[in-house]
1. Using Cα pairs closer than 8 Å and at least 6 residues apart in sequence, work out the relative contact order for segment 21-386, in percent.
2. Rank by packing, highest mean first: peptides 107-113, 288-294, with packing defined as the count of other Cβ atoms within 10 Å averaged across residues.
3. How many angstrom lie between the C-alpha centres of segment 259-297 and segment 197-247?
4. What fraction of the Cα pairs in segment 21-386, stated in percent, has a spacing above 35 angstrom?
5. Summing -39500 (n - 2.57) over the DSSP H runs of n ≥ 4 in the chain and dividing by its residue number, what mean residue ellipticity at 222 nm do you reach, to the nearest 500 deg cm²/dmol?
6. Which entries of 85/362; 85/166; 24/85; 85/193 show an alpha-carbon separation above 32 angstrom in the structure shown?
7. Expressed as a whole number of Å, what is the distance separating the alpha-carbon centroids of segment 321-377 and segment 131-145?
8. May I ask for the angle, rounded to the nearest 10°, between helix 59-75 and the longest principal axis of the chain, with both axes built from Cα atoms and the value confined to 0 to 90°?
Amino acid sequence: MNAFIAAVLEKKTILVANEGRLLKKSFLGIAILAMAFQTNNFGEMVRNTLVDAYLQVSVFVGFTLFIFIGMDALTRFNISNILEKTKKFHVVMASLLGALPGCGGAIVVVTQYIQGRISFGSFVAVLTATMGDAAFLLLAAEPLTGLFIFILGAFVGTISGFIVDKIHGENYLQSNSKLKVEFEKIEKTFVSKFNIFWILIFLPGFLIGLFLAFQQDIDQILGTPDGLSITHIIGAAGAILSIFMWSLNPLSDFQCSTDRSRNLSSRVVDTTNFVTTWVICGFLTFEIFMYFTEYDLKTFFDIWLPFVPLIAIFFGFLPGCGPQIVITTFYLNGFIPLSAEIGNAISNDGDALFPAIALAPKAAIIATLYSAVPAIIIAYGYMFFFE
C-alpha cells in the first residue's frame, strides 16, 4: 500500500515502489523454509508438501505463464489505444480485459476510469470479471474449469456494467486525474542470477509433473536405488529455490508479471515463484491443521457448507492475489466446492484494486460492493442447481 502514497498526494503518478516489502516477504519465506528443514516428522511432512505443490501445480503454472506472458511480450497490445478506439463497447472490452489471466489488463482499465476516460459501469465490469493471478493456477490445473470461469466472469461483468451505467449514468464518481503508471527502475535484481538454475530445475520438474499426472512413477521407471528419489530431489529443490527467490525479490508481485520492460524469462520466473509460494501456503494450511488436530479440514468445510461460498466471497474483498491463490488451492484440493471458487473469482479484484483504493477510494469501495451482488447470486445459484 505504501507504493501508492505518492499517488494519493499528487494525483498524477502511481509509482510502484518496492521499499519495505522485503522484510514481510522474507519473514514468510524463512518461516516456510525453517519448517521444511526440521528433522522430525513435522519437517518430513512439510518437505513432502513442498514436493507435491511444486510437481503437481507449480510446474504447470510456469508452463502456462510462458504461454500467456510470451504472447503478451510478442504482441505488445496497447490497451489504452484499444479502449480509445472502442468507446461504444467499453463495458464489453473492460470485461474481456478483466477476464484475461493476470492483473495487467484490469489495472490499465482501472487507471483509465480514474482519468475519466471510461464509465463507472466499465470500472465495475472489469473488477467483476477479474480473477487476477489465481487464474493462472486454475488454468494450469483445470483448463476447462478455468475457461468456464473466464467466460462466466466476462459475461457477468458485462451485464453488471450495463446495469450499473443504467442506474448511475456513465460519469458517476469520475475524476480527471492526469495519471500514469510507473515502475521503479530496476534493471536486474539479485535473484535474477538464479534464473538459470531455476530453469534447469523447472525443465525436468515439468517432465516429472507430466509423468505424475499420468500416474507414472519416474523413480521406478529409471530404477533409482532405494533411499534415492529423483522426484523428491527435483520437487524439493524447485520449491525451496522458488521460495528463496520470491522472498529476496525486491520487486512487487504486481510488477513481476505486469512490467513489460522486463524480459520474458524474468517475468515468468518471478510470477511463478509468487504463485508457488502462495500455493505452498495453501497446501501447508491444510497439512499443518491435520498434523496438529487430526481433523479433516474438508469435513469442517462440509459441516459449514452453506456459508463456504460467502466466506470465499469475503476473501475476494482482500486486495492482491495471494489470498485468492489460497482459495483456488483449496478448491483444487477438493476442500471447497466449485460454487465457492466461482464466488471468489467474481468478487476478487486482484492487484487492480490497489490503484483504485489509492486514487478513487469511494468508487473502489462501491464497485467492490457491487461485484459482491452477482458473486452471491451466481455462487449460490450454482450451489443450488448443480451441487
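1. The value is 24 percent.
2. Details: 107-113: 26.7, 288-294: 11.7.
Going by the mean number of other Cβ atoms within 10 Å, highest first, we get 107-113, 288-294.
3. 16
4. When every Cα pair of segment 21-386 is considered, 25 percent fall beyond 35 Å.
5. Here the helix-only value at 222 nm equals -22000 deg cm²/dmol.
6. Correct reply: 24/85; 85/193.
7. Taking the Cα centre of segment 321-377 as reference, the centre of segment 131-145 is 14 Å away.
8. 40
Throughout, read-outs are computed from the coordinates displayed, never taken from laboratory work. Remember, it's a predicted structure, so these values are computed and weren't measured experimentally. No Cβ is skipped: glycine too gets one built from the backbone with ideal geometry, and neighbour counts run over all protein chains shown.
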